[in-house]
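The values are calculated or read from the model by the stated rules, or taken from the named source; none is laboratory data. This structure is a prediction, so every number in the text was calculated from the model and none was measured. Every residue, glycine among them, receives a Cβ derived from its backbone with ideal geometry; neighbour counts consider all protein chains shown.
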Amino acid sequence: MESFTITTPCSSANIGPGFDVIGLALSIYLELTVTIDRSKSSSELPLNCRITYEGEGAESGKVPLDPAANLITRVALYVLRCHDQRAFPVETHVHIKNPIPLGRGLGSSGAAVVAGVMLGKQVGGLHHLDDARLFDFALMIERHPDNVGAALFGGFVGTYLKPLAPEDMARVEIPLSEVLPAPAGGLDTGKRPPEPPHGIGHHIKFPWAKEIKAIAIIPNFEVPTAKAREVLPKDYPRQDVTFNMQRIALLPVALGQSPPDPELIHLAMQDKLHQQYRQTLIPGLGEIVESMSPSTQEGLLGVCLSGAGPTILALATGNYEEIAKKIMSRFEKNSIDCRWELLEPAEGTKVTTRHV
Ligand SMILES: Nc1ncnc2c1ncn2[C@@H]1O[C@H](COP(=O)(O)OP(=O)(O)O)[C@@H](O)[C@H]1O
Ligand SMILES: N[C@@H](CCOP(=O)(O)O)C(=O)O
């Protein structure tokens, strides 16, 4: 029996001005425990794989257990099929433990995609795939690099896409439905799926001041990221773009400096490219971002929408509960219940092999 565990952190993307660029891996971990019984020569299981699931959304059955429909195993199959392996090894069991809330702006899908590419690599024995190449595979599925970059590499990262040659660009623009075909019969067309071009995405790690912790205030409703991207405009006024560029030039320096400078961080976390448009989906967002500042709240550094929301991320050096409760009370005015968690920067995706 072969057994290994894949651990992938959740992430908060954007951190204010860094729309689709900046990501922060945080300490809630998706965990896959995988066992493969190599003594068996055939399997009755669909695609040779059995999935069990515990954690967020388990009771509502939101996460499919069919390996042709589950995001993690579909991504693993994509990696396998790009290497001419049609299914999982015979008798593969994937147990998913997922404490990352779904559709809340904490990168649950980014973590699932990264865990999926790593699963494909491990079960397929594709040891030549290094993290840079796994990033390419992840970017064929989740096409903004901030969450997957943070989930794969860990820490506080800036991510960027390389300008691609026209033929490679065409491959990256292939509709997602062809990269990850619809479930069941459609999934195995017998054709090799489109392989990612090499070096689509890159990242750089920024320092993070040890004093800074992240408070996640998590409302009890979901905002699917795809929906939160639809409300964004296609074009932006030049002054709004300049506003964000000025702040993004400050942000990585401000969050790396020890001791942290609250006024500088608060300024560096302002945004004009996504938050104002997403207010329509997240009642109270505008008021929360505008009303919370270090000058009126001891310990607070800055507040922003986490990813596409609805979670609010507050960075702070103390008074965590007080800050969380203030933000929660603003949501309560709009009849929204929340919970909160105190998180820290996390390392990237890890594989641990066990001998059973
Ligand atoms: N562990 C998981 N296993 C399978 N699917 C998952 C998992 N985590 C997330 N997903 C899928 O991703 C969706 C949420 O993605 P998204 O709307 O991008 O929100 P976010 O990434 O902010 O949580 C879920 O509804 C589910 O379909
Ligand atoms: N840059 C993306 C980040 C989405 O993050 P998620 O955690 O909400 O999936 C965006 O802002 O759309």
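Is the stretch 127-147 home to any residue that is more than 16 Å from ligand 2 (Cβ to nearest atom), part of a loop (DSSP other than H, G, I, E, B) and either aromatic (Phe, Trp, Tyr) or more than 21 Å from the chain's Cα centre (by Cα) (or both)? So that I can check it myself, show each step before the final result.
Quick first cut of the stretch 127-147, residues more than 16 Å from ligand 2 (Cβ to nearest atom) only: 127-134, 136-137, 140.
Add one more test, that the residue is part of a loop (DSSP other than H, G, I, E, B), and what stays is 127-130.
Next cut, either aromatic (Phe, Trp, Tyr) or more than 21 Å from the chain's Cα centre (by Cα) (or both) only: 127-128.
Checked against the condition, which is being more than 16 Å from ligand 2 (Cβ to nearest atom), part of a loop (DSSP other than H, G, I, E, B) and either aromatic (Phe, Trp, Tyr) or more than 21 Å from the chain's Cα centre (by Cα) (or both), the stretch 127-147 yields at least one hit.
Of everything in the stretch 17-27 that's in a loop (DSSP other than H, G, I, E, B), within 11 Å of ligand 2 (Cβ to nearest atom) and not β-branched (Val, Ile, Thr), which residue is surrounded by the fewest Cβ atoms within 10 Å (Cβ to Cβ)? Talk me through it step by step, then tell me what you get.
Going through the stretch 17-27, the residues in a loop (DSSP other than H, G, I, E, B) turn out to be 17-21.
Subset that is within 11 Å of ligand 2 (Cβ to nearest atom): 18-21.
Checking which are not β-branched (Val, Ile, Thr) leaves us with 18-20.
Details: Gly18: 26, Phe19: 20, Asp20: 18.
The qualifying residue surrounded by the fewest Cβ atoms within 10 Å (Cβ to Cβ) is Asp20.
Is there a residue being in contact with an Asp or Glu (Cβ under 8 Å, 6 or more places away or on another chain), of a type in the set (D, E, K, R), modelled with pLDDT of 95 or more and within 12 Å of ligand 2 (Cβ to nearest atom) anywhere in the stretch 94-112?
Looking through the stretch 94-112, at least one residue is in contact with an Asp or Glu (Cβ under 8 Å, 6 or more places away or on another chain), of a type in the set (D, E, K, R), modelled with pLDDT of 95 or more and within 12 Å of ligand 2 (Cβ to nearest atom).
Taking the stated definitions as given, is Gly284 away from ligand 2 (no atom under 16 Å from the Cβ), of a type outside the set (D, E, K, R) and in contact with a helix residue (DSSP H, G or I) (Cβ under 6 Å, 6 or more places away or on another chain)?
yes
Find the residue count for the stretch 68-87, including only residues that are outside any helix (DSSP H, G or I) and more than 16 Å from ligand 1 (Cβ to nearest atom). First the steps, then the outcome.
Within the stretch 68-87, the first condition is being outside any helix (DSSP H, G or I), and the residues that meet it are 68-70, 82-87.
Adding the requirement that they be more than 16 Å from ligand 1 (Cβ to nearest atom) leaves 82-87.
Number of matching residues: 6.
Checking the conditions here, which among Asp168, Asp131, Asp146, Asp136 is over 23 Å from Gly190 (Cβ atoms), touching a helix residue (DSSP H, G or I) at 6+ places or on another chain (Cβ under 7 Å) and of a type outside the set (A, V, I, L, M, F, W, C)?
Working: Asp168 fails: touching a helix residue (DSSP H, G or I) at 6+ places or on another chain (Cβ under 7 Å); Asp146 fails: touching a helix residue (DSSP H, G or I) at 6+ places or on another chain (Cβ under 7 Å); Asp136 fails: touching a helix residue (DSSP H, G or I) at 6+ places or on another chain (Cβ under 7 Å).
Just a single option satisfies the conditions, and that option is Asp131.
Criterion first (in a loop (DSSP other than H, G, I, E, B), within 16 Å of ligand 2 (Cβ to nearest atom), under 30 Å from Ala314 (Cα atoms) and not aromatic (Phe, Trp, Tyr)) does Val223 satisfy it?
Yes: the conditions hold for Val223.
Any residue at all in the stretch 99-107 that is in contact with a strand residue (DSSP E or B) (Cβ under 7 Å, 6 or more places away or on another chain) and either without any contact (Cβ under 8 Å) to a residue 60 or more places away in the chain or assigned to a strand (DSSP E or B) (or both)?
No.
Looking at the stretch 284-301, which of the residues that are at negative phi and buried (at least 18 other Cβ atoms within 10 Å of the Cβ) is nearest to ligand 1 (Cβ to nearest atom)? It would help to see each step written out before you state the result.
Quick first cut of the stretch 284-301, residues at negative phi only: 285-298, 300-301.
Those still in the list that are buried (at least 18 other Cβ atoms within 10 Å of the Cβ) too: 285, 288-289, 292, 294, 297, 300-301.
Working: Leu285: 15, Ile288: 18, Val289: 18, Met292: 22, Pro294: 27, Gln297: 26, Leu300: 24, Leu301: 23 Å.
Looking at residues that are at negative phi and buried (at least 18 other Cβ atoms within 10 Å of the Cβ), I get Leu285.
For the stretch 302-326: of the residues being β-branched (Val, Ile, Thr) and buried (at least 21 other Cβ atoms within 10 Å of the Cβ), which is nearest to ligand 2 (Cβ to nearest atom)? Steps first, answer last, please.
Taking the stretch 302-326 and keeping what is β-branched (Val, Ile, Thr), we get 303, 311-312, 317, 323.
So of that shortlist, the ones also buried (at least 21 other Cβ atoms within 10 Å of the Cβ) come out as 303, 311-312, 323.
Numbers: Val303: 16, Thr311: 8, Ile312: 12, Ile323: 21 Å.
It comes out as Thr311.
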